[in-house]
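Okay, structure first, notes after.
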Amino acid sequence: MISFPSRAIRIEQHGGPEQLRLVNVMVGDPGPGEIRIRHRAVGLNFIDVYQRSGLYPLPLPLQLGVEAAGVVEAVGAGVTHLKAGDRAAYASQSPGSYCDLRVVSARCVCRLPDAISFETGAAMMLKGLTAHYLLKRTQPQGGLQAGDFVLFHAAAGGVGLIACQWARAMGLQLIGTAGSAAKCALAKEQGAAFVINYANEDFLARVKEITGGKGVKVVYDSVGKDTWGRSLDCLAPFGLMVSFGNSSGPVAPFSLSTLAAKGSLYVTRPTLFSHTATREGTQAMADDLFEVVTRGQVTIRIDQRYPLAEVQQAHRDLEARRTTGCSILTL
């Protein structure tokens, strides 16, 4: 079997950014249902930090990264929706995208429209598909209609800025929180109807003020521990709490009776990969994402670019919340 050389980023043990090591590996041919893809750009996401630190433990040694775009080099048996030479992008449940070349399940890989660059493709798949399943598939009782208020934490992040724009296209009144005046201004520019700087404002009091005391129909929260309790208090009766990340730490155990006391609330902890479990489902979501991007309703902001060898600094910046929009590794 012929093998091809590739650089890759691996960790031998869980820990801080210093665990990230650049290594040389060999990549073989794809098996049934797989493709081999040569990356042109790689996406950075907070799930990479969770997997590196051990918050989401995976077997070691571990090659990190779940998102990238590039050119298909070879396809395995049974793969019919892709061929060698296709431009493609993906968000994969199986990590391994921090590299030049890899073999990956074809199920998660979609052809990338010519109108979308490799860098944009690498930056948009996990975050854009996440925004899609949140706003389109993770809705409160009765759904969401134009004019409804929703609260979105970390609105200046990669998922947040896409959600701000997509919510505006849906006619929603998105209230975005962020940790600085500059980040709030960015979220407002990208479509948030209202912004709250949680560094110096009480977001609960502001949400009540903005909604006339009624609260919001849904809270989308990737922050976790630091925002959980007050986020529940932001909800209107029968509202939905969507916890889809924990950048400040995991949510502590809580009593279900709290949900009753606060107005018969609903809580869910969804993941993207439940929604992309089939190729057909993944393609349908990607088609929606590609459409809003090519129409210009959603613009993918890439505010940070790091060479693959500088991945440690990229992780430090992610954890310190020094980033806005999307970040990518360049090859």
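See the values below:
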| read-out | value |
| --- | --- |
| Filter result (crowded, with 16+ Cβ neighbours inside 10 Å and under 17 Å from the mean Cα position of the chain (by Cα)) within the stretch 271-282 | 272, 273, 275, 276, 282 |
| Options 45, 24: the member that is more than 25 Å from the chain's Cα centre (by Cα) and among the polar types (S, T, N, Q) | 24 |
| Subset tally (residues that are free of Cβ contacts under 8 Å to residues at least 40 places away in the same chain and at negative phi) for the stretch 136-154 | 2 |
| Any pair with Cβ under 6 angstrom, 6 or more apart, that starts in the stretch 249-277 at a residue that is assigned by TED's automatic domain parsing to the domain that holds residue 289 and ends at one that is among the charged types (D, E, K, R) and surrounded by 11 or more Cβ atoms within 10 Å (Cβ to Cβ) | none |
| Residue 288 vs. criteria farther than 21 Å from residue 169 by Cα and under 17 Å from the mean Cα position of the chain (by Cα) | no |
| Boolean, residue 144 is of a type outside the set (Lys, Arg) and either assigned by TED's automatic domain parsing to the domain that holds residue 45 or in contact with a Phe, Trp or Tyr (Cβ under 8 Å, 6 or more places away or on another chain) (or both) | no |
| Qualifying residue in the stretch 304-318 (condition: within 17 Å of the chain's Cα centre (by Cα) and closer than 19 Å to residue 88 by Cα) | no |
| Residue, nearest to the chain's Cα centre (by Cα), within the stretch 231-270, restricted to residues that are aliphatic (A, V, I, L, M) and in a strand (DSSP E or B) | 242 |
| Selection within the stretch 172-191 - part of a loop (DSSP other than H, G, I, E, B), out of contact with any Asp or Glu (no Cβ under 8 Å at 6 or more places or on another chain) and not hydroxyl-bearing (Ser, Thr, Tyr) | 179, 190, 191 |
| Residue check for residue 180: under 30 Å from residue 316 (Cα atoms), surrounded by fewer than 17 Cβ atoms within 10 Å (Cβ to Cβ), among the polar types (S, T, N, Q) and touching a strand residue (DSSP E or B) at 6+ places or on another chain (Cβ under 7 Å) | yes |
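The values are calculated or read from the model by the stated rules, or taken from the named source; none is laboratory data. Because the structure is a prediction, the values reported are computed rather than measured. Note that we place each Cβ from the backbone using ideal geometry, even for glycine, and neighbour counts take in every protein chain shown.
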